[in-house]
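**Student:** One structure is given below, represented as structure tokens, and several questions about it will come after.
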Amino acid sequence: MKLTFGSKSRLNNGVEIPILGFGTLRIRGEDVQNAVLWALEAGYRHVDTAKAYENESDVGKGFKRSGLPRDEVFITTKLWNDDHGYNNALKAIDRSLKNLELDWVDLYLVHWPVSGRRVETWKAMERILKDGKARAIGVSNFTIRHLEELLAEADVVPTVNQIEFTPYLYQKELQDYCEGKDIKIEAWSPLTRGIKLGDPKLVEIANHYGKTPAQILIRWNLQHGTIAIPKSVRKERIIENSRVFDFSISDKDMKRLDGFNENLRTSGWDPYSDLFK
Ligand SMILES: NC(=O)c1ccc[n+]([C@@H]2O[C@H](COP(=O)([O-])OP(=O)(O)OC[C@H]3O[C@@H](n4cnc5c(N)ncnc54)[C@H](OP(=O)(O)O)[C@@H]3O)[C@@H](O)[C@H]2O)c1
């Protein structure tokens with residue numbers, strides 16, 4: 001199937017999510033308002049934020065400034081680690097909606113699989129879905145073990161697992177597991193936070209296609225069937241990152257990129273660590 005900027009992926013509850021979204025980590029205030037506005041002007045229809053980014057209210061303002069109807073833009077936010085537990089989670093979504101100045105989000109994610117209370121938290125997520133405060137619910141940074149634990153107790157299967165996913169951290173086993181459960185992978189830090197954009201073997205592939213390394217990394221994700229959410233504060237890069245639909249990477253080069261895996265985690269957070277046992 002030909003991928004376009006307007007392509008959407010159907011989640012397991014029927015909700016459709018644009019396959020290319022806009023990330024907003026580490027941008028705040030006027031900067032994030034402008035970045036969201038530029039992204040929407042460039043044609044993005046999917047914005048990713050989180051309580052932890054301390055920018056929900058400015059993301060909401062950027063969306064408002066676009067003048068786009070609410071149902072044309074897919075907005076995700078996330079429950080932070082100190083809001084786990086049933087009652088805390090119910091309060092957290094209300095606070096996020098207030099900050100965003102929205103009645104509902106399209107997707108609400110459990111940001112990290114904090115040990116101890118994640119199943120209880122999921123019960124609140126199911127309530128939030130029922131109450132119409134989120135059109136879909138999902139998780140982030142869950143490993144197969146965390147998902148098995150959750151699925152044993154869940155009434156609602158998560159629609160999405162948002163994980164770090166790049167050629168340099170090619171989590172194939174987790175992707176295959178999620179596919180088997182009809183849980184979509186969303187790729188965070190799809191540009192490796194910039195760390196690998198100068199890697200000569202990536203640059204060589206980019207030159208071959210007449211594309212930038214950032215565009216190759218985004219396209220690699222989309223061809224793996226994931227949803228990618230690159231971030232930039234710069235208008236020209238926001239546009240550049242959306243120009244990934246006029247070429248495709250050959251099977252041979254996809255395999256070559258898969259082979260770049262070096263288990264690189266760019267954030268310093270590891271879902272396999274004791275913090276998340
Ligand atoms: N669920 C989670 O735990 C989690 C964790 C991390 C991130 N996320 C989400 O995923 C989104 C993306 O991840 P990220 O922000 O960590 O990193 P990223 O999108 O992989 O990379 C962003 C970095 O790359 C630079 N950049 C962007 N476009 C570029 C281009 N075309 N050429 C060269 N450099 C470029 C940006 O700099 P400039 O801004 O200066 O252009 C920034 O330094 C986040 O914003 C957030 O929404 C989720």
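The values are calculated or read from the model by the stated rules, or taken from the named source; none is laboratory data. Bear in mind the structure is a predicted one, so any value in this text is a computation, not a measurement. Ideal geometry is used to build each Cβ from the backbone, glycine not excepted, and the neighbour counts take in all protein chains shown.
**Student:** When you go through K181, K252 one by one, which is the residue that is among the basic types (K, R), surrounded by fewer than 14 Cβ atoms within 10 Å (Cβ to Cβ), under 30 Å from I144 (Cα atoms) and free of Cβ contacts under 8 Å to residues at least 60 places away in the same chain?
**Tutor:** Details: K181 fails: surrounded by fewer than 14 Cβ atoms within 10 Å (Cβ to Cβ).
None of the others qualify; the one that does is K252.
**Student:** Considering K8, K51, which residue is touching a helix residue (DSSP H, G or I) at 6+ places or on another chain (Cβ under 9 Å), modelled with pLDDT of 95 or more and among the basic types (K, R)? Steps first, answer last, please.
**Tutor:** On the way: K8 fails: touching a helix residue (DSSP H, G or I) at 6+ places or on another chain (Cβ under 9 Å).
Every option except K51 fails the conditions.
**Student:** Out of R70, R45, R26, which single residue is within 29 Å of Q215 (Cβ to Cβ) and surrounded by fewer than 16 Cβ atoms within 10 Å (Cβ to Cβ)? Walk me through how you get there before you give the answer.
**Tutor:** Working: R70 fails: within 29 Å of Q215 (Cβ to Cβ); R45 fails: surrounded by fewer than 16 Cβ atoms within 10 Å (Cβ to Cβ).
Exactly one of R70, R45, R26 is within 29 Å of Q215 (Cβ to Cβ) and surrounded by fewer than 16 Cβ atoms within 10 Å (Cβ to Cβ), namely R26.
**Student:** Could you please let me know if P158 is modelled with pLDDT of 95 or more, part of a loop (DSSP other than H, G, I, E, B) and closer than 15 Å to W80 by Cβ? Outline the logic, then answer.
**Tutor:** Values: modelled with pLDDT of 95 or more: yes; part of a loop (DSSP other than H, G, I, E, B): yes; closer than 15 Å to W80 by Cβ: no.
Here the answer is no, as P158 does not meet what is asked.
**Student:** Based on what the data block shows, is K231 within 15 Å of the ligand (Cβ to nearest atom), touching a residue at least 12 places away in the same chain (Cβ under 8 Å) and not small (G, A, S)?
**Tutor:** On the way: within 15 Å of the ligand (Cβ to nearest atom): yes; touching a residue at least 12 places away in the same chain (Cβ under 8 Å): yes; not small (G, A, S): yes.
Considered against the rule, which asks whether it is within 15 Å of the ligand (Cβ to nearest atom), touching a residue at least 12 places away in the same chain (Cβ under 8 Å) and not small (G, A, S), K231 comes out as yes.
**Student:** Still on this structure, I have one more. If you take the residues in the range 227-277 that are polar (S, T, N, Q) and at pLDDT below 95, which one is farthest from the chain's Cα centre (by Cα)? Outline the logic, then answer.
**Tutor:** From the range 227-277, those polar (S, T, N, Q) are 232, 241-242, 248, 250, 261, 263, 266-267, 273; that's our starting set.
Going one step further and asking which of them are at pLDDT below 95, we end up with 267, 273.
Numbers: S267: 15, S273: 21 Å.
Looking at the filtered set, the residue picked out is S273.
**Student:** Tell me whether the range 20-32 contains one or more residues that are within 11 Å of the ligand (Cβ to nearest atom) and part of a strand (DSSP E or B).
**Tutor:** As a first pass, look at the range 20-32 and keep what is within 11 Å of the ligand (Cβ to nearest atom): 21-27, 31-32.
Filter once more, so that each one left must be part of a strand (DSSP E or B): 22-23.
Yes, that holds for at least one residue.
**Student:** Looking only at the range 84-111, count how many residues are aromatic (F, W, Y) and in contact with a strand residue (DSSP E or B) (Cβ under 9 Å, 6 or more places away or on another chain). Give the derivation first.
**Tutor:** Going residue by residue through the range 84-111, those that are aromatic (F, W, Y) are 86, 104, 108.
Pick out the ones that are also in contact with a strand residue (DSSP E or B) (Cβ under 9 Å, 6 or more places away or on another chain) and you get 104, 108.
Qualifying residue count, the range 84-111: 2.
**Student:** For the range 255-269, which positions are part of a helix (DSSP H, G or I) and out of contact with any Phe, Trp or Tyr (no Cβ under 8 Å at 6 or more places or on another chain)?
**Tutor:** As a first pass, look at the range 255-269 and keep what is part of a helix (DSSP H, G or I): 255-258.
Selection gives K255, R256.
**Student:** Same structure, new question: Can you tell me which of (1) within 11 Å of the ligand (Cβ to nearest atom); (2) of a type in the set (G, A, S); (3) under 30 Å from Y177 (Cα atoms); (4) outside any helix (DSSP H, G or I) is the one A214 doesn't meet?
**Tutor:** For A214, the exception is condition (4).
**Student:** I'm checking my understanding of the structure. Among residues of the range 48-60 that are surrounded by fewer than 24 Cβ atoms within 10 Å (Cβ to Cβ) and without any contact (Cβ under 8 Å) to a residue 40 or more places away in the chain, which one is farthest from R243 (Cα to Cα)?
**Tutor:** E54
**Student:** Could you check how many residues of the range 84-133 are assigned to a helix (DSSP H, G or I) and either away from the ligand (no atom under 16 Å from the Cβ) or within 21 Å of V157 (Cβ to Cβ) (or both)?
**Tutor:** Going through the range 84-133, the residues assigned to a helix (DSSP H, G or I) turn out to be 86-100, 118-130.
Applying the additional criterion that residues be either away from the ligand (no atom under 16 Å from the Cβ) or within 21 Å of V157 (Cβ to Cβ) (or both) yields 86-91, 93-95, 97-98, 118-130.
Selection size over the range 84-133: 24.
**Student:** I would also like to ask the following. R243: among the basic types (K, R) and within 12 Å of the ligand (Cβ to nearest atom), yes or no?
**Tutor:** Numbers: among the basic types (K, R): yes; within 12 Å of the ligand (Cβ to nearest atom): yes.
When the stated conditions are applied, R243 passes them.
**Student:** List every residue pair whose Cβ atoms lie under 9 Å apart, where the two residues are 6 or more positions apart in sequence or sit on different chains, the first residue falls within the range 92-105 and is closer than 9 Å to K51 by Cβ and modelled with pLDDT of 95 or more, and the second residue, located anywhere, is part of a helix (DSSP H, G or I) and among the β-branched types (V, I, T).
**Tutor:** Qualifying pairs under 9 Å: N99/V59.
**Student:** Could you pull out the residue among I195, I218 that is aliphatic (A, V, I, L, M) and touching a strand residue (DSSP E or B) at 6+ places or on another chain (Cβ under 9 Å)? Let's see the steps before the verdict.
**Tutor:** Working: I195 fails: touching a strand residue (DSSP E or B) at 6+ places or on another chain (Cβ under 9 Å).
It is I218.
**Student:** For K8, all conditions in the list (1) crowded, with 17+ Cβ neighbours inside 10 Å; (2) among the charged types (D, E, K, R); (3) within 20 Å of P190 (Cα to Cα) hold save one; what is the number of the exception?
**Tutor:** Condition (1) is where K8 drops out.
**Student:** Let me ask something else about it. Inspect the range 30-40 for any residue being more than 21 Å from I227 (Cβ to Cβ), touching a residue at least 12 places away in the same chain (Cβ under 8 Å) and among the charged types (D, E, K, R) and give the result as yes or no. Reasoning before the result, please.
**Tutor:** The initial filter retains those residues of the range 30-40 that are more than 21 Å from I227 (Cβ to Cβ), namely 30-31, 33-34, 37.
Now drop any that are not touching a residue at least 12 places away in the same chain (Cβ under 8 Å), which leaves 30-31, 33-34, 37.
Filter again for among the charged types (D, E, K, R), leaving 30-31.
Yes.
**Student:** Keeping to the range 233-254, report how many residues are part of a loop (DSSP other than H, G, I, E, B) and among the charged types (D, E, K, R). Let's see the steps before the verdict.
**Tutor:** Residues of the range 233-254 that are part of a loop (DSSP other than H, G, I, E, B), as a first pass: 233-234, 241-250.
Those left that are additionally among the charged types (D, E, K, R): 234, 243, 246.
Within the range 233-254, residues that are part of a loop (DSSP other than H, G, I, E, B) and among the charged types (D, E, K, R) number 3.
**Student:** Continuing with the same structure: Pull up the range 178-198, narrow it to residues that are assigned to a helix (DSSP H, G or I) and more than 6 Å from the ligand (Cβ to nearest atom), then point me to the one that is farthest from P18 (Cα to Cα). Walk me through how you get there before you give the answer.
**Tutor:** First, pick out the residues of the range 178-198 that are assigned to a helix (DSSP H, G or I): 178-180, 192-194.
Next, from what is left, pick out any that are more than 6 Å from the ligand (Cβ to nearest atom): 178-180.
Working: C178: 19, E179: 18, G180: 21 Å.
Only one residue fits best here, namely G180.
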